[in-house]
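The values are calculated or read from the model by the stated rules, or taken from the named source; none is laboratory data. This structure is a prediction, so every number in the text was calculated from the model and none was measured. Every residue, glycine as well, gets a Cβ built from its backbone with ideal geometry; the counts of neighbours run over all protein chains shown. Surface accessibility is based on the protein's heavy atoms, side chains included, excluding ligands, DNA and RNA. Shrake-Rupley method; radii C 1.70, N 1.55, O 1.52, S 1.80 Å.
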Amino acid sequence: MRFRHLFVLLPLLGASLLAQSPLNRPVPFVAAKTTPSPGESALTLAAADRALELGFPTVAAGLYRGLLAAPDVDRGRAVLGLASALIDDSQPADAEQALREYVGLRGAAWHLRLALALLQQGKLPQTKAEVALVKPEDVGAADRSWYLYLQGQVVESAGDLNRAKELYQQAESAALSGLARARFVLAREQARLRLGPVTEAEAEVQRRNLEQFQGRKISYGIARTYAAMLDSLGHKERAVALLQQQLATMPVEERDELDTTRLVLGLIGGAAEGAGRNALGELVRDGNDRDLQRVALQLLAKASTRDPARSDFRRRLDALISQPSPHPILEDLLLFRAVLLLADKAYGLAEDDARALLQKFPGSPLKAHALGVLTASAWEQLRYRTAADYAAKARAELAAGPARAQLGVLVAEAWFRARDYRSAADAYAATLAEPPVGVPKGDLMFQRVLAEIETGELDRVQQVLDDMAKDPAFDAVNLWQAEWNLSRALQVQGQVAAAYSRVNRLLASPRAPGGQLAPELRARMAWLQASLSLEAGQAEQTLRLVDALPAAMEGVTPALRGEITSTAALLKARASFELGREAVALDLLAKLRKDFPGSDAAVYSYFVEAKHYAEQDKTAEAQLLLTKLAEEFPNNTYAPYALYQAALQAERRGQESNLVEANRLIEDLVRKYPQSDLVFYARLKQGDLLRKLNQFQQAQQVYESLVNNFAQHKDVILAQLALAECHHAQAAGDPAHGETAIVLFEHLRDRIDAPIPVRVEAGFNLGYLYSRRSAAERDRGDTARAQTDAAKAVEVWWKDVVHEFLVKDPAVADELGAKGRYWMARTLVELGMLFEQQEKLEEAKEAWLLILKSKLPGEDLAKARLERFHLPAAKP
């Protein structure tokens with residue numbers, strides 16, 4: 001899925017506003033792209049690099065090719081990686097082709113890989129020419145071994161063997177890690193086996209030399225050379241048999257010779273099966289030369305991409321890692337097994353091996369790879385917060401360069417996916433200081449704006465966007481898309497004036513000259529300007545802006561032209577309603593439905609007209625329009641919402657028959673659209689309707705069904721609250737309902753994850769239950785119990801509601817909202833009345849004064865209560 005959205009669709013309103021607010025109006029958006037995100041590309045690039053270094057060139061080549069088909073990628077780095085993988089996989093001609101097809105800067109790294117590809121093909125003159133083009137100071141640390149190796153090959157071809165030997169030794173020393181050195185050693189040994197044309201006569205001479213020096217140390221090298229000649233002449237079986245014989249008779253003290261001979265046997269016999277595979281396995285298990293052990297490990301890995309070789313390789317790794325004494329190259333073994341397990345999606349085991357490597361070898365040069373395994377494992381399991389943490393640690397292990405810069409993008413994107421938008425925004429800001437090649441800086445700026453918007457700190461976002469807009473790297477397309485998203489976010493938060501001002505300023509700006517912006521983007525921004533003008537209360541200006549839209553749509557696609565024209569007609573009708581021009585508005589809506597039948601704008605026009613009637617208390621007309629929408633467009637996204645709104649209009653009329661009708665509409669919605677997101681809210685409304693019809697048992701069943709079947713729903717707590725209230729309403733007829741209600745209200749009051757208004761409402765009801773029960777007990781003459789329950793009511797109302805959510809912390813009080821303030825006021829009114837009944841008049845006065853001091857609803861009632869005691873209302 002594409003991470004970088006062109007436009008972000010803002011979410012629907014929460015449950016508390018759903019009944020009063022319509023769905024999002026039709027907006028001319030574009031579909032999101034589905035190409036890999038920069039973060040995903042960075043993860044794939046790291047996996048390809050890891051596969052290449054560990055000796056999985058076929059896997060690495062596939063990953064690099066995939067990257068080259070994606071945008072936002074360092075193509076130069078991917079091409080160099082692909083060429084390296086093809087060279088390691090003995091496909092030099094393909095490597096040469098990939099390099100020559102690359103269009104871009106051809107620096108030292110490019111020339112070195114072309115030289116290696118040419119060398120493998122035996123093109124020595126061309127190899128020398130490419131090496132000559134490389135300046136030593138331009139060679140990166142990771143490529144220095146290969147540069148020295150190629151120089152060695154050049155001077156060796158000229159007959160200077162001593163100088164060649166020096167260069168090979170320097171190349172070996174320059175390797176940055178054991179794995180890197182092993183790749184170089186392997187290339188050197190493979191080059192030694194490429195003898196060029198060999199004749200039978202030359203092989204016969206070598207055979208005689210072997211017979212002459214049999215039993216002496218010099219014979220071991222002669223035997224390997226003779227075996228290479230036999231292999232070159234097509235006598236592989238004889239070559240393998242010769243090397244096996246040498247190994248069988250070689251003294252155990254000759255450990256270096258044993259290692260080299262096993263490696264040559266593995267190269268000639270092949271690592272896939274048979275004597276060659278066994279020799280490499282013995283070298284890894286019993287070898288003396290750590291570099292040759294790593295070479296053998298890489299050869300085995302390369303030949304073990306499929307079963308049965310893959311399973312055999314895994315068994316060998318298991319045995320070596322679990323042996324009592326630590327294996328000399330244990331860190332390499334752990335990493336190889338971790339990579340295999342990660343590929344098999346055995347995430348827990350892969351992470352265990354990576355962590356074991358980090359714990360046992362804290363200074364290992366493989367540390368970044370181990371952290372890369374942990375990053376990839378977390379990412380694939382959607383544990384993005386963990387992935388961000390590991391990626392940041394891996395990045396810290398790397399020197400400044402392309403790999404480090406790519407990981408910066410990965411860290412930022414992981415935080416974004418983890419919904420830690422503050423961390424994501426900060427990470428994108430850091431990435432902008434070290435942007436990776438292949439990812440446009442404007443894209444990163446856009447992503448930072450998206451992350452900043454998601455934090456909800458829109459004042460800060462505006463400042464950030466204004467500051468970044470001064471940077472020429474923030475291209476016009478990304479800038480305009482960022483402004484679109486910010487303006488829409490401001491619009492949703494009710495900051496219409498700020499959104500309208502930004503859009504006006506952008507459209508008047510000369511920042512994007514003709515031809516730089518796509519016509520579609522400019523047209524959408526002009527549409528947004530018209531939409532915001534209406535919300536800003538400038539209906540006359542809306543009409544003018546809508547009339548100017550055709551000029552802004554020059555060059556847009558017919559499909560987008562239709563979307564903008566239809567939604568603009570809807571804007572014009574809404575503006576006409578705002579200006580009191582009902583006849584004009586109705587004509588515009590009728591024309592819209594005729595000109596664009598079935599469009600989202602045409603369907604939504606029924607909501608606009610129904611809202612107009614509802615505001616005039618013409619609920620029957622509004623309901624008729626909404627049911628007409630649902631009947632004529634049953635497959636439209638808006639159909640279930642139309643039924644829901646129709647039920648609300650029926651409920652507004654208030655008669656029993658109207659409530660029954662509303663319940664029928666809710667049942668229609670649930671029956672026809674069982675998968676709709678509205679089902680939960682529709683059932684919640686159904687419970688309310690049944691309570692109004694005094695059908696409390698049926699309402700209870702509805703709420704219980706919601707609690708049981710929507711346990712993970714974000715607003716299930718509203719059903720729990722309604723269920724508690726339903727039991728409360730039935731408590732007079734059955735005390736068991738009262739006890740159940742108390743338990744449920746206590747649970748809701750104490751839930752720290754519940755919205756504060758819900759906890760306040762639950763606390764009020766809990767105290768009210770105790771207060772009512774106290775009054776009933778007092779009427780029965782049970783004074784002791786009455787006093788106990790009255791004390792409980794006071795404790796709940798004062799300690800758990802008033803003190804907890806109003807007095808203790810002003811910041812918490814600010815979160816009450818309109819609904820919470822209503823229930824807080826009711827709590828204080830009832831608390832004051834209870835104090836009055838207990839003849840605690842000073843406490844009663846303080847409760848009512850607190851309503852005035854806190855500017856809560858019910859000030860008139862509080863003042864009236866205070867006047868009974870001849871106490872003037874205190875100034876807040």
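Note the full-extension length gain between R581 and A69 as 0.36 nm times their separation in residues minus their Cα-Cα distance, in nm to one decimal.
Details: separation 512, 0.36 × 512 = 184.32 nm, distance 5.57 nm.
Taking R581 through A69 to full extension adds about 178.7 nm, to one decimal.
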Q: Could you state the accessible area per residue of the range 189-309 in Å², with a 1.4 Å probe and every protein chain left in place?
A: 49
Q: Set the Förster radius R0 to 25 Å, insert the Cβ-Cβ distance between K799 and D753 as r into 1/(1 + (r/R0)^6), and round the FRET efficiency to 0.05.
A: 0.75
Q: Determine the equivalent ellipsoid of the range 123-169 by diagonalising the alpha-carbon gyration tensor, then write out the semi-axes as square roots of 5 times the eigenvalues, largest first, rounded to whole Å.
A: 17, 14, 7
Q. What share of Cα pairs, in percent, lie more than 17 angstrom apart in the range 765-876?
A. 53
(Q) Can you find, among I756, Q700, I742, the residue sitting farthest towards the positive end of the charge dipole of the range 696-757, where Lys and Arg contribute +1 and Asp and Glu -1 at Cβ? (A) I756
Q.
Probe radius 1.4 Å, ligands and nucleic acids ignored: give me the carbon and sulfur share of the accessible area of the range 201-269 as a rounded percent.
A. 48
Q: Run the accessible area of the range 518-663 with a 1.4 Å probe and give the carbon-and-sulfur part as a rounded percent.
A: 51
Q.
With a 1.4 Å probe and all protein chains left in place, how much accessible area per residue does the range 73-113 have, in Å²?
A. 41
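Could you sort the peptides 496-505, 858-867 by per-residue average Cβ neighbour count (10 Å cutoff), highest mean leading? Could the numbers behind the result be given before it?
Numbers: 496-505: 18.6, 858-867: 16.4.
Going from most to least packed, we get 496-505, 858-867.
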Q) Using the alpha-carbon atoms, what tilt in degrees (0 to 90, nearest 10) does helix 582-595 show relative to the longest principal axis of the chain? A) 40
(Q) Order 757-764, 343-350 from most to least packed using the mean count of other Cβ atoms within 10 Å. (A) 757-764, 343-350
**Q.** R306/R544 FRET efficiency (R0 56 Å; Cβ-Cβ; nearest 0.05)
**A.** 0.20
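Quick one: grab the alpha carbon gyration tensor of the range 622-747, order the square roots of its eigenvalues as a ≥ b ≥ c, and give me rounded if a/c is under 1.5, else prolate or oblate depending on whether a/b is larger than b/c. Spell out each step's value before the answer.
On the way: a/c = 3.20, a/b = 1.68, b/c = 1.90.
It comes out oblate by the Cα gyration axes.
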Q.
Can you compute the charge dipole magnitude of the range 285-364 about its Cα centre, using +1 on each Lys and Arg Cβ and -1 on each Asp and Glu Cβ, nothing else charged? Give it in debye, rounded to the nearest 20.
A. 160
Q.
If every alpha-carbon in the range 218-374 counts as one equal scatterer, what log10 I(q)/I(0) does Debye give at q = 0.12, 0.14, 0.21 1/Å?
A. -0.55, -0.72, -1.26
**Q.** Note, ³J(HN,Hα) from phi for the range 100-114, Karplus 6.51, -1.76, 1.60, rounded to Hz, x at Gly and Pro
**A.** 5, 7, 6, 9, x, 5, 9, x, 4, 4, 5, 5, 4, 5, 5
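Can I get the semi-axes of the range 331-407's equivalent ellipsoid? Compute them from the C-alpha gyration tensor as square roots of 5 times the eigenvalues, in angstrom, largest first.
Values: eigenvalues 67, 50, 19 Å².
Computed over the range 331-407, the values are 18, 16, 10 Å.
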Q: Divide, for the range 294-339, the radius of gyration over alpha carbons by 2.2 N^0.38 Å, where N is the residue count.
A: 1.08
Q: Compute the distribution of all C-alpha to C-alpha distances in the range 616-683, in bins of 5 Å from 0, and list the percent of pairs in each, rounded to whole numbers.
A: 3, 21, 30, 25, 14, 5, 1
Q. How much of D88 can a 1.4 Å solvent probe reach, expressed as accessible area in Å² and rounded to 10?
A. 40
Q) In Å, what Rg and Dmax follow from the Cα atoms of the range 552-624? A) 13.2, 45
**Q.** Magnitude of the charge dipole, the range 528-574, Cβ model with Lys/Arg +1 and Asp/Glu -1, debye to 20
**A.** 80
Q | Folded to 0 to 90 degrees: helix 38-54 orientation relative to the chain principal axis, Cα | A | 30
**Q.** Those residues of the range 719-749 whose amide nitrogen sits under 17 Å from the label point placed on F710, 7 Å along Cα→Cβ
**A.** 719-726
Q.
Please report the accessible area of T225 (heavy atoms, 1.4 Å probe, ligands and nucleic acids excluded) in Å², nearest 10.
A. 50
Q: Grab the beta carbon distance between K863 and M833, set R0 = 22 Å, and tell me the FRET efficiency rounded to 0.05.
A: 0.90
Q: Output the relative contact order of the chain, whole-number percent, from Cα pairs under 8 angstrom with separation of 6+ residues.
A: 6
Q. Which three lengths, in whole Å and largest first, does the chain cover when its Cα atoms are put on their principal axes?
A. 126, 75, 51
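Can you work out the accessible area per residue across the range 717-770, with the rest of the protein chains kept in place, probe 1.4 Å, in square angstrom? Walk me through the numbers before you get to the answer.
Working: 1930 Å² over 54 residues.
With the other protein chains kept in place, the range 717-770 gives 36 Å² per residue.
Among the listed pairs K128/K165; K628/K672; K792/K855, which are separated by more than 24 Å between their Cα atoms?
Numbers: K128/K165 18 Å; K628/K672 15 Å; K792/K855 27 Å.
Violating the 24 Å Cα-Cα cut-off are K792/K855.
Out of the GluC sites (Glu not before Pro) in the range 96-141, which ones are loop residues according to DSSP with at most 10 other C-beta atoms within 10 Å?
Numbers: sites: E96, E101, E130, E137; in loops: none.
Those that pass, being in a loop and sparsely packed, number zero.
Please list F869, F835 from largest to smallest accessible area, probe radius 1.4 Å, with all protein chains kept in place. If you can, show how the numbers build up before the last one.
Details: F869 50, F835 25 Å².
Output order, biggest surface exposure first: F869, F835.
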Q: Would you be so kind as to identify which of A158, L626, F869 lies farthest towards the positive end of the dipole of the chain, taking Lys and Arg as +1 and Asp and Glu as -1 on Cβ and the Cα centre as origin?
A: A158
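Pull out a ≥ b ≥ c, the square roots of the eigenvalues of the alpha-carbon gyration tensor of the range 49-111, then state rounded if a/c is under 1.5, prolate if not and a/b is larger than b/c, and oblate in the remaining case. If you can, show how the numbers build up before the last one.
Values: a/c = 1.68, a/b = 1.18, b/c = 1.42.
Oblate, because a/c is 1.5 or more while a/b does not exceed b/c.
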Q: Would you rank E661, E457 by solvent-accessible area, highest first, keeping every protein chain in place and using a 1.4 Å probe?
A: E457, E661
**Q.** Solvent-accessible surface (1.4 angstrom probe) belonging to S322, in square angstrom, nearest 10
**A.** 90
Q. Using the per-residue mean of other Cβ atoms lying within 10 Å as a proxy for protection, in what order, highest first, do the peptides 248-257, 167-176 fall?
A. 167-176, 248-257
Q) About its Cα centre, what dipole magnitude does the chain give when the only charges are +1 on Lys and Arg Cβ and -1 on Asp and Glu Cβ, stated in debye to the nearest 20? A) 820
Q | Principal-axis tilt of helix 200-212 within the chain, Cα atoms, nearest 10 degrees | A | 80
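Run the accessible area of the range 348-480 with a 1.4 Å probe and give the carbon-and-sulfur part as a rounded percent.
Values: 2780 of 5250 Å².
For the range 348-480, the apolar C and S fraction of the accessible surface comes to 53 percent.
Under the Kirkwood approximation applied to all pairs of distinct alpha-carbon atoms, what is the hydrodynamic radius of the range 405-499 in Å? Can you show the working numbers first?
Working: mean 1/r = 0.0756 Å⁻¹.
Its Kirkwood hydrodynamic radius stands at 13.2 Å.
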Q. Using heavy-atom solvent-accessible surface (probe 1.4 Å) with all chains present, what is the largest-first order of D49, D600?
A. D600, D49
